[in-house]
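Only one structure is covered here, and it is reproduced in the block below.
The values are calculated or read from the model by the stated rules, or taken from the named source; none is laboratory data. As the structure is a prediction and not an experimental result, all values here were calculated from the model. Every residue, glycine among them, receives a Cβ derived from its backbone with ideal geometry; neighbour counts consider all protein chains shown. For the accessible areas, the whole protein counts, side chains as well, though only heavy atoms, and no ligand, DNA or RNA atoms are used. Shrake-Rupley method; radii C 1.70, N 1.55, O 1.52, S 1.80 Å.
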Amino acid sequence: MTLSIRQIHPVFAGEVLGADLTGPLTREEAAAIDAGMDRYAVLVFRNQNITDDQQMAFTLNFGEIESAPGGNITKPHEYRLKKGMIDVSNLDKEGKPLARDDRRRMFNLGNRLWHSDSSFRAKPAKYSILSARTVASQGGNTEFADMRAAYDTLDDDTRAMIEDLVCEHSLIYSRGSMGFTELTDDEKAMMKPVRQRLVRKHPVTGRKSLYLSSHIGTIVGRPMPEARAFIRDLAEHAVQPKFVYVHKWQQYDLIIWDNRQTMHRVRRFDETQPRDMRRTTVAGDAPTAEQVAA
Ligand SMILES: [Fe+2]
């Protein structure tokens, strides 16, 4: 079977045709998807009714699976899915929607903010792979923004000014911005801020992109209010509709996105209904900036 990719947005994002992700990919297919990711940064596959094991096997085509703890406040005994699978559903272990005031639900509402997955980790994620097992009947779209296009359209002065800036990212900042501030000492320790460059360069294409995320709380060497005001300006520029692809989920859609080149967010949906979305994450290969010694 030959893969082909058709672009589905004026600046990025493609739909892959002719792929079957229930079985192993040939080397040529994996290479075609990798090349497609370099170019389009977001790839959509329709009608992929896969198991968790098949999703993890597919993920391993692109690197190691990121399974380090620290991305959530859900405790291991509450996990619905096996290790390696990230639960992005609104469901508890028994498959029931979480209550409105459930702490895990309130924490997960942070996914409504524009972000890049795992930017709060010293070695941030490469790709995320999201499989829609049960979709919301209304709403629940995922939106993606192209951070290369955002970078390319900055003026020269701004590009020169941000070239070497380093930001601090933490779940404390993204959740704090939503008023979710009650964290245990263990959670605070787990969410210790990390440093990331504000401008990234793609290792294959050499294209530069803005590395933005709601996890950013400050810029190294700047007063926090100045940093936040500036990051807010940049983010406003970066998520203009012309840089955004809106995905309306159908059951068994699967999307891969490059966290190094895009931001994303989920939109509101009826949370009394199950929405079962399962993510795997391809680990990144290096930090983007030097960390401060602990
Ligand atoms: Fe995410």
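Does segment 201-214 include one or more residues that are more than 16 Å from the ligand (Cβ to nearest atom), closer than 29 Å to Arg275 by Cβ and part of a loop (DSSP other than H, G, I, E, B)?
Scanning segment 201-214 turns up no residue that is more than 16 Å from the ligand (Cβ to nearest atom), closer than 29 Å to Arg275 by Cβ and part of a loop (DSSP other than H, G, I, E, B).
Taking Asn72 and the conditions (1) at pLDDT 95 or above; (2) touching an Asp or Glu at 6+ places or on another chain (Cβ under 9 Å), which numbered condition does it fall short on, given that it satisfies the others?
Of (1) at pLDDT 95 or above; (2) touching an Asp or Glu at 6+ places or on another chain (Cβ under 9 Å), only one is false for Asn72: (1).
Can you tell me which residue among Met190, Met224, Met147 is aliphatic (A, V, I, L, M) and in contact with a Pro (Cβ under 8 Å, 6 or more places away or on another chain)?
Going through Met190, Met224, Met147 in turn, just one is aliphatic (A, V, I, L, M) and in contact with a Pro (Cβ under 8 Å, 6 or more places away or on another chain): Met190.
Using the structure shown, decide if Asp34 is charged (D, E, K, R), open to solvent by 60 Å² or more (accessible area, probe 1.4 Å) and modelled with pLDDT of 95 or more.
no
Being away from the ligand (no atom under 16 Å from the Cβ), touching a residue at least 60 places away in the same chain (Cβ under 8 Å), in contact with a strand residue (DSSP E or B) (Cβ under 8 Å, 6 or more places away or on another chain) and assigned to a helix (DSSP H, G or I): is that true of Arg133 here?
Spelling it out, it is not the case that Arg133 is away from the ligand (no atom under 16 Å from the Cβ), touching a residue at least 60 places away in the same chain (Cβ under 8 Å), in contact with a strand residue (DSSP E or B) (Cβ under 8 Å, 6 or more places away or on another chain) and assigned to a helix (DSSP H, G or I).
Looking only at helices (runs of 4 or more DSSP H) that lie completely in segment 154-200, which have at least 3 residues being hydrophobic (A, V, I, L, M, F, W, C)?
Correct list: 156-162.
Name the single residue, out of those in segment 258-290 being out of contact with any helix residue (DSSP H, G or I) (no Cβ under 9 Å at 6 or more places or on another chain) and of a type in the set (Val, Ile, Thr), that is least open to solvent (accessible area, probe 1.4 Å).
Thr288
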